[in-house]
Amino acid sequence: MKKRLLGLFLTMTMAVSLAACGGSKPAETTAAATTAAPATEAAKAETEAPKAETEAAKETEAAKETEAAKADGKLIKVGFAQVGHESDWRTASTKSCQTVFSEANGYELSFVDCDNDEAAQKEAVRSFIEQEVDYIIIDPIIATGWNTVLTECEEAGIPVVIIDRTVDDSDKYVAWVGSNFKTEGLAAGEWLKAYADKMGISEINALVISGSTGASAQIGRSDGFNEVAEKYGWNILDEQTGDFTEAGGQQVMENYCKSYEGKFNVVVCQNDNEAFGAMTAMDNAGVKYGPGSDVILISFDACTAGLKDVQAGKITADFECNPLAAPFVEEVLQKLEAGETPEKEVYMVEHWYALPDQIVPFEIDGVAQEMTEVTDAVIEAQY
Ligand code: GZL
């Protein structure tokens, strides 16, 4: 047990440094460390040979320790039921979890990609119970239908941590780490109002490509944006799900370009991958979008590829959803390991992105919002 606690201490140090790096994404990048170039190739080879042997020895030692810890049952067994692999955001979320819950950090991770299949996700959770894992992490594909299986986890004495999306019909979990999706929707709406006023656009006719129906991210973003639309009397011409995928976004936008030709001036995509698909559809239909064009294109997630499209003048504004929650989930597990009570809710830090001409002051419920200019450095530091 002592070894495991040492491993946990090392993990906490790792998590804090990871969290500092990934959780708040520093606005500026640190200058790349410079190293003196070796004098000659021979000197370089000589310098590197012992280092390589040392590295190899270290890796062997670490592998031996991990195997021993595994054999002694000292690794913390974690089951993670992930939504799927539908988006760049999801890829970053999975990578973050697999990096944090690694054997080197003292964990034995059972990872299941549930491929956006609710039944498969419940099955994965039940398999973790059978495996008698120490903890279960769930990113719930949709927000309801969870009480039965969470009761089974409770009866098996396995604490559950929810990451990212929420469970709305049960509180049988010890903590949730994620984003305020309604705030993201409100931010997009209030920014649009401020930007439209700046541009002298008095009428908003919006088409929405929403995320997976019933996912808390979809529910929150729709609720927030629709609340602003009602407040200002905008026309939401249509809202159809693109299922958070590029193919879904393209399919819906192709239909929109036919059904609403010349009638819309705003497209809201509830994640970047839908926006990528929507852009392909609008390109094919000859619809101009982005700053200075006929259509304002709004997106969510602000993944690296999405910010590149902001910088290229394609996406007009991108509202971040931070996928790097794993270090904060690990802090919850470390508290539980230490017999402490973790916070029930932990919110991620998020930013609203645009180019300078599209950065306008706006408020959410009277609170002034900061926007972040998309620069090469910001893109470099993104996920
Ligand atoms: C939001 C997350 C959503 C992302 C999409 O927290 O669940 O699911 O916005 C992803 O990119 O597919």
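Observations, loosely collected:
- The condition (being touching a Leu at 6+ places or on another chain (Cβ under 8 Å), over 21 Å from Ser87 (Cβ atoms) and not assigned by TED's automatic domain parsing to the domain that holds Ser170) is satisfied by just one residue among Ile364, Ile298: Ile364.
- Every test in (1) surrounded by fewer than 17 Cβ atoms within 10 Å (Cβ to Cβ); (2) part of a helix (DSSP H, G or I); (3) not basic (Lys, Arg) is passed by Ala229 save one, and that test is (1).
- Leu207 over 21 Å from the mean Cα position of the chain (by Cα), more than 21 Å from Tyr347 (Cβ to Cβ) and of a type outside the set (Gly, Ala, Ser): yes
- Flag for Lys258 being farther than 30 Å from Trp176 by Cβ and surrounded by fewer than 22 Cβ atoms within 10 Å (Cβ to Cβ): yes
- Identity of the residue in the stretch 308-328, surrounded by fewer than 24 Cβ atoms within 10 Å (Cβ to Cβ) and assigned to a helix (DSSP H, G or I), that ends up farthest from the ligand (Cβ to nearest atom): Gln311
- Looking only at the stretch 75-133, and only at residues there that are without any contact (Cβ under 8 Å) to a residue 60 or more places away in the chain, within 16 Å of the ligand (Cβ to nearest atom) and polar (S, T, N, Q), the one that is farthest from Asp272 (Cα to Cα): Gln121
- All conditions in (1) exposed (fewer than 15 other Cβ atoms within 10 Å of the Cβ); (2) within 16 Å of the ligand (Cβ to nearest atom) hold for Trp146, with the sole exception of (1).
- Scan of the stretch 114-144 for residues that are within 20 Å of Val329 (Cα to Cα), among the polar types (S, T, N, Q) and either at pLDDT below 95 or not in a helix (DSSP H, G or I) (or both), ordered by number: none
- Unique residue being buried (at least 18 other Cβ atoms within 10 Å of the Cβ), closer than 19 Å to Asp164 by Cβ and of a type outside the set (Gly, Ala, Ser) when the list is Glu345, Glu331: Glu331
- Scan of the stretch 82-95 for residues that are surrounded by 22 or more Cβ atoms within 10 Å (Cβ to Cβ) and among the small types (Gly, Ala, Ser), ordered by number: Ser87, Ser93
- A residue that is more than 14 Å from the ligand (Cβ to nearest atom), part of a helix (DSSP H, G or I), touching a residue at least 24 places away in the same chain (Cβ under 8 Å) and outside the structural domain of Gly224 (by TED's automatic domain parsing) occurs somewhere in the stretch 335-354.
The values are calculated or read from the model by the stated rules, or taken from the named source; none is laboratory data. What you see is a predicted model, and the numbers here were worked out from it, not measured in a lab. Note that we place each Cβ from the backbone using ideal geometry, even for glycine, and neighbour counts take in every protein chain shown.
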